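I have placed the structure first, in the form of structure tokens, so that the comments after it can refer back to it.
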Amino acid sequence: MIWRCDLVPQTEAYKAEILQAIERVLPTGRYILANECAAFEKEFAAYLGCNHCVGVANATDGLTLALRAFGIGEGDEVITSPYTAIPTGSAIVDAGATPVFVDIEADTFLISIERILAAVTPKTKAVMPVHIFGNVVDIPKLRAALPAHIRIIEDSAQSHGSTLRGVQSGTMADAGVFSFYPTKNLGAIGDGGAVVTNDPEADKRLRLLRMYGMLDKDTIITDGINSRLDEIQAAILRAKLPHLDAMNAARRRIAARYAAELPPAFTLQHIPESVVTNWHVFVARYHGDRAAFTAHMDALKVQTNIYYVTPLHLQRAHARLGYKPGDLPIVEQLCQEAIALPFYPEMTDATHDEVMRAIHAFRA
Ligand SMILES: Cc1ncc(COP(=O)(O)O)c(C=O)c1O
């Protein structure tokens, strides 16, 4: 079987460093919010070129806490993309706010800035653009066009190391949120997340909110939750962070090969010249019979995937918002056509050869 994403070769490649990291933590007896988390926060902020990083348990919590850190909740609208992983919407609801979905650009798969601007109401308190599959929304352009009181929180769960005009994704807005779920470009051996910001007040709020709202061991001053990046995961992330750029470069090489060799039935995600993408996953439009194509690939034991089967505005969980099929036609069409091909940084040329043979063997 060729997996769409195989994590084992990556863990094998960095196994010695991962084991060393774990062994460093075990004898300390301090497994939550100690040296490793603090060091990772500093190192990740330095990598990104921003001032503050707050480790949290996962990006879903990170998105919710980022909204809450800026006082966004009940009665507030947050504009976001319908073409994203489920948690982008869930995090907005969890903060007590109302998601407002606007359509995407057909070529980049990114939320449309023009449509964001058209959806702004007096209740809009934040925009949560998603850097989908590592492509990057033009945050400075969005910032310049939006009223100043509206916060921007970048959902960077998929965009570790992606840049726009040389600036790291996640660092251009009020806050950026990263996921370290194992399949992410920087993945832990479990769950993890981080919120990054240049705003010292937001940094302080986030540190309170991730730890019960606790000022000191006897005093809580706000309604926080428990959402911490544990020491073992932080230590593992410290071991893997120095390899992030090389892993992203490997992804770019594999993506370039797909771009050169895929048949014309595929249209690639357009990456603007200003963006260097980390190619989190390789998703293209397929203009033939997608169900027949995926069945053919399954038969040849090549796993494919569909990102995303259902756009967020049509998910049952968001039914009370009142969207109906046809409301956001560009994303709805993309969800009919998108297909993710096998893709991970350690994919060998031989495996890629097999994938390409399987693709070229398909006769509609
Ligand atoms: C775009 C996006 N946002 C948010 C998340 C949530 O990340 P986590 O699983 O760390 O909560 C994910 C993960 O799938 C994601 O892809």
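Just so it is clear, none of the values below were taken in a lab; they were calculated from the coordinates. Keep in mind the model is a prediction, meaning the values are calculated, not measured. All Cβ positions, even for glycine, are placed from backbone atoms using ideal geometry, and neighbour counts span all protein chains on display.
Quick notes
- Whole-number percent relative contact order across region 164-299, with pairs defined as alpha carbons under 8 Å at least 6 apart: 20
- Annotation: lysines with alpha-carbon distance below 23 angstrom to LYS184 (same-chain offsets under eight excluded): LYS15, LYS42, LYS240.
- For region 184-228, averaging the sequence separation of C-alpha pairs within contact (under 8 Å, six or more residues apart) and dividing by the residue count gives a relative contact order of 26 percent.
- Over region 244-360, the hull volume per residue, using the convex hull of the C-alpha atoms, is 141 Å³.
- The region of the chain that goes longest without hitting one of the GluC sites (Glu not before Pro) in a DSSP loop, each with at most 11 other Cβ atoms within 10 Å, is 75-272.
- Summed side-chain charge close to GLU346 - residues other than GLU346 whose Cβ falls under 11 Å, Lys, Arg +1, Asp, Glu -1: -1
- Positive minus negative residues near ALA126 (Lys, Arg vs Asp, Glu; Cβ under 15 Å): -2
- Taking a sphere under 13 Å around the Cβ of SER179 and counting the other residues whose Cβ falls inside, with K and R at +1 and D and E at -1, yields a net charge of -3.
- Loop-resident sites, region 212-286, for trypsin sites (Lys or Arg not before Pro), counting at most 14 other Cβ within 10 Å (DSSP): LYS217
- For the chain, the average shadow cast by the Cα convex hull is 18.3 nm², which is a quarter of the hull's surface.
- Three-way shape label, region 286-342, alpha-carbon gyration tensor, a/c 1.5: prolate
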